[in-house]
Amino acid sequence: MKIFAFAGSNSSTSINKQLVKFVLKSFVNHEINLIDLNDYNMPVFSVDLEKNGFPEEAHHFLDNITKSDIIICSLAENNRSYSAAFKNVFDWASRINVKVFQDKPMLLMTTSPGGYGGGNVMSEAQKFFPQFGAIIKETFSLPKFYENFDPNNGVINPELLTALNLKIENFKKQLV
């Protein structure tokens, strides 16, 4: 199975990317394509710029999804919504193919330093991603990242780790 994975953040120390990397350890024997949004740096989307064509990075993002069987992502929350870096990639890609996520099964996650764990962006994505071709099979939000996650050991809160593992197993069962 081919997995396309990303964090919806362009931070070099992205906590969402750390969560994605930890979760990907549960997918041994799969082909994993973990991207960095910094490799998809494009001008801020506008209809004026669109008249000149689409950036190659937007096509490349969509090609990654086309070549995958599933999507695993964790969205950063900035001011209760998507990060500007992710939103820009998404905006460009959606103008090429409105079904950005191409009807692929998705494990959708969020994390943040706060107690809500990125719940605002999760709520927004759950509402809108299906309209753009995401088949969200499972979701997981990790609150209080710095209290519940260790860079060497991953999720260290036993209850949250159990919940995450159950979500991962349920996600895998839905792929069969």
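FYI, it's all coordinate maths here, none of it is from the lab. Remember, predicted model here, so these are calculated numbers, not experimental data. Cβ sites come from the backbone with ideal geometry, for glycine too, and all protein chains shown count toward neighbours.
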| Using a simple spin-label model with points 7 Å from Cα along the Cα→Cβ vector, what separation in nm is obtained for His59 and Lys2? | 1.7
| field | Normalised contact order of the chain, rounded percent, pairs of Cα under 8 Å and 6 or more residues apart | value | 22
| Viscosity 0.692 mPa s, temperature 37 °C, Stokes-Einstein D of the chain from Kirkwood C-alpha radius, µm²/s | 201
| field | Cα-based helix-to-principal-axis angle, 15-24 vs the chain, degrees rounded to 10 | value | 70
| remark: Within segment 1-105, the percent of DSSP beta bridges that are antiparallel, given to the nearest 5, stands at 10
| message | Using Cβ contacts closer than 10 Å as the measure, can you line up His59, His30 from fewest to most? | response | His30, His59
| query | Given H placed on each backbone N at 1.01 Å, which residues far from Ile32 in sequence or on other chains put an amide H within less than 5 Å of it? | reply | Ile3
| said: Quick query: amide H of Ala134 versus all other amide H atoms, modeled in the peptide plane; which residues come in under 5 Å with a sequence gap of 5 or more or a different chain? | reply: Phe101, Asp103
| task | Find, among the trypsin sites (Lys or Arg not before Pro) in segment 1-67, those assigned to loop by DSSP (not H, G, I, E, B) with at most 12 other beta-carbon atoms within 10 angstrom. | result | Lys25, Lys51, Lys67
| Given the options Phe86, Phe22, Phe128, which has the most mean-square fluctuation in a GNM of the chain, springs set between C-alpha atoms less than 10 angstrom apart? | Phe128
| request: Compare the peptides 160-170, 68-78 by average per-residue count of other Cβ atoms within 10 angstrom and give them in order, highest first. | output: 68-78, 160-170
| note | As a Kirkwood estimate from alpha-carbon pairs, segment 107-170 has a hydrodynamic radius in angstrom of 12.3
| Other-chain or far-sequence residues with amide H under 5 Å of Phe140's (modelled H) | Leu108, Met109, Thr110
| C-alpha center-to-center spacing [segment 88-164, segment 31-51] in angstrom | 19
